[in-house]
Amino acid sequence: MNSEEIWKDIPGYGGHYQASSLGRIRSKDRIVRKYSAVAGKVVDQLYRGRIIGTKTPNDEGYMTVHLGIDGRKHCVQVGRLVLLAFVGEPGAGEECCHGPGGPADNSVGNLRWDIHLENNRDRVRAGTYKVGAEHHATVATEDVILRVKRGELTPKQAASLTGLDYKIFWRAKRGETWRHLGTEAKLLEQTRREIGIKEVA
């Protein structure tokens, strides 16, 4: 890796882990006192530090690592760990946000603490903000939802047609979900307008 890579301890994880300025996570050398069946007594065992492999558990591309603290495994987003090490704790209502490099770039320069709305605005600009049928939690199709919103199907008819709970369609008809159909969500509309202005300029 780059010779300018800087490592710092990650607070709140037992002093056992470090994050680098380039977005890597490693464990530190540590001695663990444990019972050895071979020796028949409690011994001090050295565990060498190592670079921890990352995973991308979903199609949004955010890298995570599993860290062991007090005998429990914790799945944590890499970007959050880098910010904790180099910036500190987030403010109220803030979360880890990625810049132009996208979710695969966890270098400290591509990260910031910000509110959820701004995080979603980043996704809109990057073209990764998913709504409706594209969203990972979606269980109903847009065409059926649209027919319910237009009054062509009742929620119970849609439920019978799809085998899903009628409450899914009832909420959509009331505008509690699938609000982007028919009228763009304010977030998408405003951000895309801003992008259009910048592109023309």
Amide H contacts under 5 Å for Ile6, restricted to residues at least 5 apart in sequence or on another chain and with H modeled in the peptide plane, are Ser21, Leu22
Could you sort out which of Lys28/Lys73; Lys55/Lys167; Lys8/Lys41 sit more than 25 Å apart by Cα distance in this structure? Lys55/Lys167; Lys8/Lys41
P(r) of the stretch 36-90 over all Cα-Cα pairs, 10 Å bins starting at 0, rounded to whole percent, reads 18, 36, 26, 13, 6
Projected label distance in nm at Trp7 and Tyr166, using a 7 Å step from Cα toward the beta-carbon: 6.1
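In what sequence, largest accessible area first, do Glu118, Glu152, Glu176 appear using a 1.4 Å probe?
On the way: Glu118 55, Glu152 105, Glu176 80 Å².
Ranked from most to least accessible, the order is Glu152, Glu176, Glu118.
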Per-residue accessible area for Lys73 at 1.4 Å probe radius, Å² rounded to 10? 150
For the stretch 1-54, take every pair of Cα atoms, bin their distances at 5 Å starting from 0, and report each bin as a whole percent. 5, 18, 20, 20, 12, 11, 7, 5, 3, 0
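Could you sort Lys156, Lys149 by accessible area so the largest value comes first, with the probe set to 1.4 Å? Could the numbers behind the result be given before it?
On the way: Lys156 145, Lys149 65 Å².
Largest accessible area first, the list is Lys156, Lys149.
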Label-point separation in nm, Arg48 to Arg72, each point 7 Å along Cα→Cβ: 3.1
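Can you give the charge dipole size of the stretch 35-115 about its Cα centre, rounded to the nearest 20 debye, using +1 on the beta carbon of Lys and Arg and -1 on the beta carbon of Asp and Glu? Walk me through the intermediate numbers first.
Details: 8 positive and 9 negative charges, 109 e Å.
Charge dipole, the stretch 35-115, about its Cα centre: 520 debye, nearest 20.
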Can you sort Tyr13, Tyr47 by 1.4 Å-probe accessible area, starting with the largest? Tyr47, Tyr13
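The values are calculated or read from the model by the stated rules, or taken from the named source; none is laboratory data. Not measured: the values here are computed from a predicted model. Note: ideal-geometry Cβ built from the backbone for every residue, glycine included; neighbour counts use all protein chains shown. Side chains are part of the model used for accessible areas, which takes the heavy atoms of the whole protein and leaves out ligands, DNA and RNA. Shrake-Rupley method; radii C 1.70, N 1.55, O 1.52, S 1.80 Å.
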